[in-house]
Amino acid sequence: MQPTSRHEVILALVARSGEASVEVLARELGVSHETVRRDLSRLDTAGRLRRFHGGARAIGVPVAVPAAVTEKEWPFAQRMAQNAAGKARIAAAASALFQPDDSLFVDTGSTTVAFAEALAGRPPLVVITNAPRIAATLAGHGHKVFLIGGAYGADAGESLGPLALEQIGKFRARHAVLTVGAIDQTCMMDFDLQEAEVAKAMIERADRVTVLADHSKFDRRAVFEVAPLAAIHTLVTDQPPSEPMGRALTAAGVELVAVEPA
């Protein structure tokens, strides 16, 4: 079966029940799990379904997650490769939201790495970050950068822990630009306690909060709450969320910037 035909079968199977696992799709199609994962990645990038760990769901289908159950987060290197085109669109749109000499907290995430690259050609900003990679990208292009220190998290390459939180508390910034692990109709969340603590600390020391999140983060749950939706001023994403999620964002007063493919 040609990839195009296989993609149509996958979409039909996912649409039939709302979601389907990699195992089920591989069995139905008679192909390997790796082939299905590649197909799901391409269909997710094209905006035709939403991929999650172990399967995919149809666009607009909310996640039915029991209170005690959460999804898992991929390792950082894999997240860097997932939906790179969507994250680049988010980064480009977000980079235009700030004025010269604005001060920004920027946390560590695959989308904020793309954001830093998009800021490279923009007028100078003051950036406080816990990510050495982001600091190096921006410092090399004329931005004033303060690098937060602390315990080094090797997976994402970031500073974490009490020392990082203490240093964040010494700054006051106009904006906090954050990534998140998950967003549902009540709050934004993360899968890592220390990363959630860093995000909380940045929110407390900033006047405005801008969240960068691709569509895969919507209608998901993670273990650690970062802040209620009402704490977000602007949310930049690559596709509009489901109708229930969109209504929740509107009710919370969140400005939604959805940058769909041209």
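The values are calculated or read from the model by the stated rules, or taken from the named source; none is laboratory data. No experiment lies behind these values; they were computed from the predicted model shown. FYI the Cβ positions are ideal-geometry reconstructions off the backbone, even for glycines, and counts take in every protein chain you see. Keep in mind that these areas ignore ligands, DNA and RNA; they rest on the heavy atoms of the full protein, side chains included. Shrake-Rupley method; radii C 1.70, N 1.55, O 1.52, S 1.80 Å.
Magnitude of the Cβ-charge dipole of the chain, K/R +1 and D/E -1, about the Cα centre, nearest 20 debye?
Working: 27 positive and 30 negative charges, 75 e Å.
Rounded to the nearest 20 debye, it is 360 debye.
Of the solvent-accessible surface of the chain, computed with a 1.4 Å probe and all protein chains present, 53% belongs to carbon and sulfur.
Ordering of 203-216, 11-24 by packing is 203-216, 11-24, highest average first (other Cβ atoms within 10 Å, averaged per residue).
DSSP assigns beta bridges within the chain; of those with both partners inside it, close to 40 percent run antiparallel.
Report the residues of region 221-250 in range of a label on Ala96: point 7 Å along Cα→C-beta, backbone N strictly under 18 Å from it. Residues passing the 18 Å test: 234-240.
With the largest listed first and rounded to whole Å, the semi-axes of the equivalent ellipsoid of region 136-260 from the Cα gyration tensor are 26, 16, 14.
Given the Cα-Cα distance of Leu163 and Leu256 and 0.36 nm per residue of separation, how much length would full extension add, in nm? Before the final figure, lay out each step's value.
Details: separation 93, 0.36 × 93 = 33.48 nm, distance 3.36 nm.
Contour length minus Cα-Cα distance gives 30.1 nm.
Take 108-114, 164-170 and order them by the average number of nearby Cβ atoms within 10 Å per residue, most first; the result is 108-114, 164-170.
With Cα atoms as the point set, the chain shows a radius of gyration and Dmax of 18.6, 59 Å. Sorting the segments 84-94, 192-202 by their mean number of nearby beta carbons within 10 angstrom, highest to lowest, gives 192-202, 84-94.
Roughly how big is region 156-262's charge dipole about its Cα centre, with Cβ charges of +1 (Lys, Arg) and -1 (Asp, Glu), in debye to the nearest 20? Show your work: numbers first, answer last.
Details: 10 positive and 16 negative charges, 72 e Å.
Here the size comes out at about 340 debye.
Between the residues Leu235, Phe191, Gln2, the greatest Cα displacement towards the positive end of the dipole of the chain, with unit charges on the Cβ of Lys, Arg, Asp and Glu, is found for Gln2.
In this structure the amide hydrogen of Phe105, modeled in the peptide plane, comes within under 5 Å of the amide hydrogens of Ile128, His175, Ala176, Val177, none closer than 5 places in sequence on its chain. Cα-based values for region 220-262, radius of gyration first and Dmax second, are 11.1, 35 Å. Placing +1 on the Cβ of every Lys and Arg and -1 on the Cβ of every Asp and Glu, with nothing else charged, gives region 136-208 a dipole about its Cα centre of roughly 540 debye. Each pair of Cα atoms in region 78-137 enters the Kirkwood radius, and Stokes-Einstein at 4 °C and 1.567 mPa s then converts it into a translational diffusion coefficient of 111 µm²/s. Ranking Ile59, Thr250, Leu163 by Cα position along the charge dipole of the chain, where only Lys, Arg, Asp and Glu carry charges on their C-beta atoms, puts Ile59 farthest toward the positive end.
Quotient of the Cα radius of gyration of region 120-197 and 2.2 N^0.38 Å, N being its number of residues: 1.17.
Mean sequence separation of contacting Cα pairs (under 8 Å, at least six apart), scaled by the length of the chain, corresponds to a relative contact order of 16 percent.
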